[in-house]
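Peer 1: Pasting a structure here, questions to come.
The values are calculated or read from the model by the stated rules, or taken from the named source; none is laboratory data. Bear in mind the structure is a predicted one, so any value in this text is a computation, not a measurement. With ideal geometry, Cβ positions are generated from the backbone for all residues, glycine too; neighbour counts draw on all protein chains shown. The area values use the complete protein model at the heavy-atom level, side chains included, leaving out ligands, DNA and RNA. Shrake-Rupley method; radii C 1.70, N 1.55, O 1.52, S 1.80 Å.
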Amino acid sequence: MKTFDASALREHLGDTFTYGEAKQAGVGDRRLYALRDSGEIFALGGGVYRWADAPPADSDLVEIAERVPHATLCLETALARHELIDAIPAAVDVAIPRGSTRPVLRAPCRIHQFEPRTFDLGREELEVGARRPIGLYSAERSLVDVVRLRHLEGGEVAWDALRRWLSRPGRSPAQLVELARQFPRAEPALRRALEVLL
């Protein structure tokens, strides 16, 4: 781009873009930083930028979706999204496949590495305003995970979420047990919890 036209650049790059994409579009460092300093764009972290007047979005989730392939909201973050707990987690729980590089993010995150063999079980997609959706584990997968990882996450969170899930109409404990069978040592713990709560 020989002459600078912010609206053409915006159309070319979209609401969210990377430093590399801006460079490819002919935007030099001086222009990019001038846009940032004037408040027309803001940095999400790791070379990801977003136009200030873009549609509202959770900037933490946009950064995660843009920078972390296969990022999936899990555990307490997923339970909160499914309204199975009242707490708002202080950090975003993000699952990545075990063996993936642990990302360094500006967003407050707790990174969890899950087994690749079971990583996609119960994985849905959630649009967050990024160029690609972020993963979100289903309510059922999130319950199985929080029960099997209760030694890390706390048993109270697991039991409260499970109690709330069971109170919803149309819930099938049998389907929950079937899903738990896919994970080592998850089924017995889930069965015990169900026996206590039912």
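Peer 1: Which number in (1) in contact with a helix residue (DSSP H, G or I) (Cβ under 8 Å, 6 or more places away or on another chain); (2) open to solvent by less than 30 Å² (accessible area, probe 1.4 Å); (3) assigned to a helix (DSSP H, G or I) marks the one condition that L136 misses?
Peer 2: With (1) in contact with a helix residue (DSSP H, G or I) (Cβ under 8 Å, 6 or more places away or on another chain); (2) open to solvent by less than 30 Å² (accessible area, probe 1.4 Å); (3) assigned to a helix (DSSP H, G or I) applied to L136, the lone miss is (3).
Peer 1: Turning to a different aspect of this structure: Looking only at segment 169-180, filter to residues that are surrounded by 11 or more Cβ atoms within 10 Å (Cβ to Cβ) and over 24 Å from the mean Cα position of the chain (by Cα); which one of those is farthest from R191 (Cα to Cα)? Outline the logic, then answer.
Peer 2: From segment 169-180, those surrounded by 11 or more Cβ atoms within 10 Å (Cβ to Cβ) are 171, 173, 176-180; that's our starting set.
Next cut, over 24 Å from the mean Cα position of the chain (by Cα) only: 171, 173, 177-178.
Working: R171: 15, P173: 9, V177: 7, E178: 11 Å.
Among those that are surrounded by 11 or more Cβ atoms within 10 Å (Cβ to Cβ) and over 24 Å from the mean Cα position of the chain (by Cα), it is R171.
Peer 1: All but one of (1) modelled with pLDDT under 95; (2) surrounded by 14 or more Cβ atoms within 10 Å (Cβ to Cβ); (3) charged (D, E, K, R) hold for E124; which doesn't?
Peer 2: (1)
Peer 1: Further, regarding this structure: For segment 56-114, enumerate the residues that are in a helix (DSSP H, G or I), under 23 Å from V146 (Cα atoms) and open to solvent by less than 70 Å² (accessible area, probe 1.4 Å).
Peer 2: D60, L61, I64, A65, L75, E76, T77, A78, L79, A80
Peer 1: Looking only at segment 52-102, which residues are over 21 Å from E21 (Cα atoms), among the aliphatic types (A, V, I, L, M) and touching a strand residue (DSSP E or B) at 6+ places or on another chain (Cβ under 7 Å)?
Peer 2: A71, L73, L75, A78, A91, V92, V94, A95, I96
Peer 1: If I filter segment 1-51 down to residues being among the β-branched types (V, I, T) and in contact with a strand residue (DSSP E or B) (Cβ under 6 Å, 6 or more places away or on another chain), which single residue comes out as farthest from A65 (Cα to Cα)? Step through it out loud before you land on a result.
Peer 2: Filtering segment 1-51 for residues among the β-branched types (V, I, T) gives 3, 16, 18, 27, 41, 48.
Okay, now just the ones that are also in contact with a strand residue (DSSP E or B) (Cβ under 6 Å, 6 or more places away or on another chain), so 16, 18, 41, 48.
On the way: T16: 11, T18: 13, I41: 18, V48: 11 Å.
Across segment 1-51, the extreme among qualifying residues is I41.
Peer 1: Could you list all residues from segment 3-39 that are assigned to a helix (DSSP H, G or I), open to solvent by less than 70 Å² (accessible area, probe 1.4 Å), farther than 21 Å from V62 by Cα and not small (G, A, S)?
Peer 2: Scanning segment 3-39 gives a single hit, D29.
Peer 1: Taking the stated definitions as given, is F183 of a type in the set (A, V, I, L, M, F, W, C), in a loop (DSSP other than H, G, I, E, B), in contact with a strand residue (DSSP E or B) (Cβ under 7 Å, 6 or more places away or on another chain) and farther than 24 Å from A57 by Cβ?
Peer 2: no
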